[in-house]
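Student: Can you read through this structure? Questions will come right after.
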Amino acid sequence: MSELIQEIQRRRTFAIISHPDAGKTTLTEKLLLFGGAIHVAGAVKSNKIKKSATSDWMEIEKQRGISVATSVMGFEYEGYKINILDTPGHQDFAEDTYRTLTAVDSVIIVVDIAKGVEAQTRKLMEVCRMRKTPVMIFINKMDRDGQNPFDLLDELEQELKVNVRPLSWPIDQGVRFKGVYNIYEHKLDLYTPSKQHVTESVEFKDLNSPDLEKHIGLSEAEQLRADLELIEGVYPEFDVNTYLDGNIAPVFFGSALNNFGVKELLDCFIRIAPYPRPVQAEERKVDPENDPMSGFIFKIHANMDPNHRSCIAFLKICSGRFDRNTNYKHVRHNKMMKFNSATAFMAQKKETVDEAYAGDIIGIPDTGNFKIGDTITSGETLHFKGLPSFSPEMFKYIENADPMKTKQLNKGIDQLMDEGVAQLFTNQFNGRKIIGTVGQLQFEVIQYRLLHEYGAQCRWESLSLYKACWIESESDEALNNFKKRKYQYMALDKEGRDVFLADSNYVLQMAQQDFPELKFHFTSEF
């Protein structure tokens, strides 16, 4: 087996997704703790030291306690190279999460035992189903009272439309929580509430042995035996291939905050999760073990280091091996480029990499060369597909609040739009700039970042629009007629494409009826 194939097969690249507050960032942090990537968990809160979670490093995230940008973290664990993408759970940032899902091979969904499946999780699961991405589920906060585990499994099956199979099982919950039985490894994991230490686990092959009562008590032992018998009766045997095809989701129980059940999840994950899979490009199917390097940019982030006004483009490597200081082709510009300071991440800390393999995610300093969806290859012309921008649902005019800082404002808007945080439209009628987003919170983030990262002040002016849609037509005449008739509602996006700003659903429907020769698109990828 060649070195390339060996390196690729030990890669595990996955995203953690959930509803806000289900404990996703805490879980990420505990996984890093096992990987030795951090040595003390952020859960330590004393008055002297206030640490916030490793993966939430943008100022606004620390203030709000939510993850706004996707963080990328890599670490080694038991001979595997693990790349985690921690995604924003807040629905206003769903688009960032959708794009992240194009860059991973599998997904872990975190569900809160008390709240169950929430709307955001359902939407993200649709994307996983569409892409046939294998999914594992971690049911969190077992140290609090919540639903009956069997009811929750039924809810997961109905809401997420996926078959589930528990690979660990809780022994009671809330204050009476005793631990979990690890079905996958036949072990009993006993729970002692502590945020720093990993708990005791006991090999336990024979559940009928009276030793079980000694560990967990009489009624709990009887309950556990009955539950496990029911599980074996109701759920199919766990089959790795069914999981890899995206048809069954293994379920684990635990408490991320108390570092319980996390190692079991990780140990099972590295064994069964897929290594990098082939990726479909427009030209051909790209196999990770192919020699020539190829990859795509799925995210751009400005100011990862507040002291330097730098943008970083995140490159997901799809095949071959990336080497520093080698010429690679930027397909859209059709020119060769060298990257001598590509970096790998551990949240905010980053280090220069000399080489990276399919499945890895590296950061490339960006001086305005990249857009989301760009392809980098060893020379072949390839286009990876499936990185859409969705039609925004909220719109505001952005106005300069400090005429002395026009240049800073324009630069800030440009860079933030390249990140895909929101979309910029320029009204062709009056030349005013309109920002479109998926949610209200993004306007606050943009205003905050413009002020703190670019020293520019903006103010918003409300604008009631229903939808922005990209239009195209085979017939130039029809297109021009439409633009003349609707000239007050026509805008250009950042790429100079025609966008129609419909102010109500009725207006949009009438336009579609009156101009049958036009195509109206609701994502920018067409």
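Student: Over the range 98-179, how many percent of alpha carbon pairs lie in each 5 Å bin up to the one with the longest distance?
Tutor: 3, 13, 26, 23, 15, 10, 6, 2, 0
Student: For the range 219-271, what is the accessible area per residue in Å² when the probe is 1.4 Å?
Tutor: Working: 2100 Å² over 53 residues.
It amounts to 40 Å² per residue over the range 219-271.
Student: Would you mind getting me the FRET efficiency between Q509 and E399? Use the beta-carbon distance for r and R0 = 30 Å, nearest 0.05. Please list the in-between numbers first.
Tutor: On the way: r = 31 Å, r/R0 = 1.05.
Computed FRET efficiency for Q509 and E399 comes out at 0.45.
Student: Okay, moving on. So how far, in whole Å, is the C-alpha centre of the range 422-440 from the one of the range 474-526?
Tutor: Spelled out, the Cα-based centre of one part sits 15 Å from the other.
Student: Another one. For N148 and H521 in one chain, what is 0.36 nm times their gap in residues minus the Cα-Cα distance, to one decimal in nm?
Tutor: Details: separation 373, 0.36 × 373 = 134.28 nm, distance 4.42 nm.
Full extension of this stretch gives 129.9 nm more.
Student: Turning to a different aspect of this structure: May I have the extent of the alpha carbons of the range 313-384 along their three principal axes, as whole Å values ordered from largest to smallest?
Tutor: Computed over the Cα atoms, the extents are 32, 25, 21 Å.
Student: To the nearest 20 Debye, how big is the dipole of the range 113-193 about its Cα centre, given +1 on the beta carbon of each Lys and Arg and -1 on that of each Asp and Glu? Kindly include the intermediate steps, with their values, before the conclusion.
Tutor: Working: 13 positive and 12 negative charges, 69 e Å.
Here the range 113-193 has a charge dipole of around 320 debye.
Student: Next question. Suppose each label sits 7 Å from its Cα in the direction of the beta carbon; what would the K115-D239 distance come out to in nanometres?
Tutor: Placing both labels 7 Å beyond Cα along the Cβ direction yields 3.5 nm.
Student: For A273, what is the net charge nearby, where nearby means another residue's Cβ is under 12 Å from its Cβ and Lys, Arg count +1, Asp, Glu -1?
Tutor: Result for the local shell: +3.
Student: Please compute the modelled spin-label separation between Q6 and L492, points set 7 Å along Cα→Cβ, answer in nm with one decimal.
Tutor: Going by the 7 Å Cα→Cβ label model, 5.5 nm.
Student: Also, quick follow-up: Quick one: in the range 369-526, what % of C-alpha pairs are over 23 Å apart? Write out the running numbers ahead of the final one.
Tutor: Values: 5349 of 12403 pairs.
Pairs farther apart than 23 Å: 43 percent.
Student: Once you list every other residue whose beta carbon is under 12 Å from the beta carbon of T133, what net charge do they have if Lys and Arg are +1 and Asp and Glu are -1?
Tutor: Values: positive: R129, R131, K132, R277; negative: D105, E126, D245.
Overall, the nearby charge balance is +1.
Student: Modelling each spin label as a point 7 Å along the Cα-to-Cβ direction, I'd like the E474/T367 distance in nm, to one decimal.
Tutor: Roughly 4.5 nm, to one decimal.
Student: Let me ask another. Rg/Rh for the range 420-493 to two decimals, with Rh computed the Kirkwood way over all alpha-carbon pairs. Kindly include the intermediate steps, with their values, before the conclusion.
Tutor: Numbers: Rg = 15.1 Å, Rh = 14.3 Å.
On the Cα set of the range 420-493, Rg over Rh gives 1.06.
Student: Could I ask something else about it? Please work out how much length the chain gains when fully extended from T326 to Q223, using 0.36 nm per residue of separation minus the C-alpha to C-alpha distance, in nm with one decimal. Before the final figure, lay out each step's value.
Tutor: Values: separation 103, 0.36 × 103 = 37.08 nm, distance 6.13 nm.
The span from T326 to Q223 would gain 31.0 nm if fully extended.
Student: Could you work out what % of the accessible surface of the range 384-512 is carbon and sulfur, using a 1.4 angstrom probe and leaving DNA, RNA and ligands out of the count? Before the final figure, lay out each step's value.
Tutor: Details: 2940 of 6180 Å².
Carbon-and-sulfur percentage of accessible area, whole number: 48.
Student: Something else now. Out of the total accessible area of the range 235-324 (probe 1.4 Å, heavy atoms of protein only), what percent is carbon and sulfur? Working shown, then result.
Tutor: Working: 1370 of 3120 Å².
Carbon and sulfur: 44 percent of the exposed surface of the range 235-324.
Student: As a quick test, which of the pairs K30/K132; K115/K161; K123/K299; K285/K467 have an alpha carbon distance above 25 angstrom in this structure?
Tutor: Working: K30/K132 27 Å; K115/K161 18 Å; K123/K299 20 Å; K285/K467 35 Å.
The pairs that break the limit, which is 25 Å between Cα atoms, are K30/K132; K285/K467.
Student: Another question about this same structure. Quote the convex hull volume per residue of the range 473-521, based on C-alpha atoms, as a whole number of Å³.
Tutor: On the way: hull volume 4.0 nm³, N = 49.
Once divided by residue count, the hull of the range 473-521 is 82 Å³.
Student: Counting Lys and Arg as +1 and Asp and Glu as -1, what is the net charge of the other residues whose Cβ lies under 10 Å from the Cβ of I471? Could the numbers behind the result be given before it?
Tutor: Numbers: positive: K483, K486, R497, K519; negative: E472, D498.
Surrounding charge for I471 is +2.
Student: Shifting gears a bit: Quick one: which of K385/K411; K407/K494; K411/K519 span more than 25 angstrom between C-alpha atoms? Intermediate results must be reported in sequence, preceding the final value.
Tutor: Numbers: K385/K411 28 Å; K407/K494 17 Å; K411/K519 33 Å.
Table pairs above 25 Å Cα-Cα are K385/K411; K411/K519.
Student: If you place +1 on the Cβ of every Lys and Arg, -1 on the Cβ of every Asp and Glu, and leave all else neutral, what size is the dipole of the range 218-348 about its Cα centre, to the nearest 20 Debye? List each step's numbers first, then the result.
Tutor: Details: 15 positive and 17 negative charges, 298 e Å.
Dipole magnitude for the range 218-348 comes out near 1440 debye.
The values are calculated or read from the model by the stated rules, or taken from the named source; none is laboratory data. If you're wondering where the values come from, they're calculated on a predicted model, not measured in any experiment. Reconstructed Cβ throughout: ideal geometry from the backbone, glycine too, with neighbour counts over all protein chains shown. Accessible surface areas use protein heavy atoms only, side chains included; no ligands, DNA or RNA. Shrake-Rupley method; radii C 1.70, N 1.55, O 1.52, S 1.80 Å.
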